1. From the list Thr385, Thr443, Thr426, which one is exposed (fewer than 15 other Cβ atoms within 10 Å of the Cβ), at pLDDT 95 or above and among the polar types (S, T, N, Q)?
2. Looking only at the range 107-130, how many residues end up being surrounded by fewer than 18 Cβ atoms within 10 Å (Cβ to Cβ) and not hydroxyl-bearing (Ser, Thr, Tyr)?
3. Within the range 116-136, which residues are touching a residue at least 40 places away in the same chain (Cβ under 8 Å) and either under 24 Å from Ala97 (Cα atoms) or hydroxyl-bearing (Ser, Thr, Tyr) (or both)?
4. Which condition number does Phe158 fail, the rest of (1) in contact (Cβ under 8 Å) with a residue 24 or more places away in the chain; (2) surrounded by 14 or more Cβ atoms within 10 Å (Cβ to Cβ); (3) not basic (Lys, Arg); (4) not in a strand (DSSP E or B) being met?
5. Given the criterion in a strand (DSSP E or B) and in contact with a Pro (Cβ under 7 Å, 6 or more places away or on another chain), identify the matching residue among Arg176, Arg151, Arg122.
Amino acid sequence: MRKARRVIRLAFYAVMAACIAEPTHGQDENATEGRPVPERPLPLFNRWQEDWSVLADDRVPRQPGDDLKYISLSATDPPAYLSLGANLRERFEAFDAAQFGTGPNRNDDYVLSRFEVHSDLRLGPHLQIFVQLQSAFAFGKEIRTPVDQNRLDLEQAFMAITDSIAGGTLTLRAGRQQVAFDLQRFISVRDGTNVRQSYDATWIEYERGDWHFIALWSHPVQTRDNSPFDDYSSPSLSHAGVKLEWQVSAATSVSATWSRFIQDAAHFPPASGKESRDSLDTHCAGARDNFDWDIEAMGQKGHIDSQNIRAWAFGSLGGYTLTALPWTPRLGLQVDTASGDRVSDDHTFGTFNPLFPNGAYFSLSGLTGYANLVHAKTSVTVHPTRNLKINLAAAAQWRQTTSDAIYTAPDIPVARTIGHGGGRYTGKYGQLHLERELSSNATVSMEALHFAAGDAIKKAGGRDSNYLAVEIRLMW
């Protein structure tokens, strides 16, 4: 199996090398009945959102492999067609103190490899059938978790029906799929880790004018990796909710989301048992006059075992872009906070549950988790060239309460930090991220981070941590 996988990878690299080259150009846009030449699609984060029907027009610039990007099944308008594609992400990571050196996996250098292939069947304007397979490996990693490796499994397999109803567009999507809300702080595809998060779900979406309504019912998929195609979902873990969004202007939106999360076997340091948690989330994002912002607040109620849940979180990103200066620097400020449990005798549990965070919101290192947290970060982002982005950031963080643990992503407690001294201060870190777009199909990036541990970590036996990641992404 490894040999076959290596051959597939070499073939994929060869195709991508050809695709990175400049495309050949079709006929002049004034040809063919005076209609303009349609724009060639670009690979998207959600591959199922791509529309390759434009390749039915012979004037669209062609690239190697287009015979598989658009396989015509009928000459209708819009046409029925099948599109094939693939993603490859290779990331080298070096860690000298994972979990701040408090766990068994202290020093580690390894390669995270994720290969995805998909088929997208469009049967006219209303019906889509999308299937995606995933093969993820963690070569050389000493201790693997469910988000590190999934050697071969079904990542997505859903059917979507779209139609116009009452002046709006209704979409029904059913099957295994990936779900993301807003900035993906709490509901995400979890792209930062090696194994992405899928959901066996029903998704209902209605969009009319400036209003957007979503209803979701799901069982999150859990990775097993004992044999191929053994991932599963079950009623023991579920997530459902509704969202209403208003597009205030072209650049500004506000939304409110209610959801219910249930898991039969929750484990937090202060509490464990069956967890039922209702969340109310409000979100606002926009941009105006060189300012941009993204603000989100969530409150949580429910119960875990015999304790009542009362938890909350707040996240914000904002920035100002100096468009008149060379490299158009953006000055950024980020503030995040999430509640912890104060360990009192009032039968109230206060640790915030980040649900399904994206794994890269704070950094790729995963040293910062969204629970019992106060976090502040300043940053500057510059663009020396059109395809090169450099981000420098410095951050400090604290515990919201010293009664609860320090958490790494997503909600893993650092050993010996609950109920111990050291104060609220957790530490500070510096972060460097570089990203270079080689083409619309290929990106390389690097991220380096140094975390200077505070007394709360050092008194638990932890120490400073260094992290380095080098990554290449190819999309076809």
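The values are calculated or read from the model by the stated rules, or taken from the named source; none is laboratory data. The shown structure was predicted, so the numbers you read here are calculated from the model rather than taken from an experiment. So basically every Cβ, Gly included, is an ideal-geometry build from the backbone, and we count neighbours across all protein chains shown.
1. Values: Thr443 fails: exposed (fewer than 15 other Cβ atoms within 10 Å of the Cβ); Thr426 fails: exposed (fewer than 15 other Cβ atoms within 10 Å of the Cβ).
None of the others qualify; the one that does is Thr385.
2. Taking the range 107-130 and keeping what is surrounded by fewer than 18 Cβ atoms within 10 Å (Cβ to Cβ), we get 107-109, 111, 119, 121, 123-127, 129.
Adding the requirement that they be not hydroxyl-bearing (Ser, Thr, Tyr) leaves 107-109, 111, 121, 123-127, 129.
Looking only at that region, the number is 11.
3. Within the range 116-136, Ser135, Ala136 meet the criteria.
4. Evaluating Phe158 over (1) in contact (Cβ under 8 Å) with a residue 24 or more places away in the chain; (2) surrounded by 14 or more Cβ atoms within 10 Å (Cβ to Cβ); (3) not basic (Lys, Arg); (4) not in a strand (DSSP E or B) leaves (4) as the failure.
5. Of Arg176, Arg151, Arg122, the one residue that is in a strand (DSSP E or B) and in contact with a Pro (Cβ under 7 Å, 6 or more places away or on another chain) is Arg151.
The rows are residues; the columns are (1) of a type in the set (Asp, Glu); (2) on the phi < 0 side of the Ramachandran plot.
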residue	(1), (2)
Arg277	no, yes
Leu280	no, yes
Asp289	yes, no
Asp294	yes, yes
Gly302	no, no
Thr323	no, yes
Arg342	no, yes
Phe356	no, yes
Phe362	no, yes
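One line per residue, one yes/no per condition, for (1) part of a strand (DSSP E or B); (2) β-branched (Val, Ile, Thr); (3) in contact (Cβ under 8 Å) with a residue 12 or more places away in the chain:
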site	(1), (2), (3)
Val54	no, yes, yes
Pro78	no, no, yes
Gln99	no, no, yes
Arg114	yes, no, yes
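Okay, residues lined up against (1) under 27 Å from the mean Cα position of the chain (by Cα); (2) at pLDDT below 50; (3) not aliphatic (A, V, I, L, M):
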| site | (1), (2), (3) |
| --- | --- |
| Val15 | yes, yes, no |
| Glu22 | no, yes, yes |
| Gln49 | yes, no, yes |
| Lys69 | yes, no, yes |
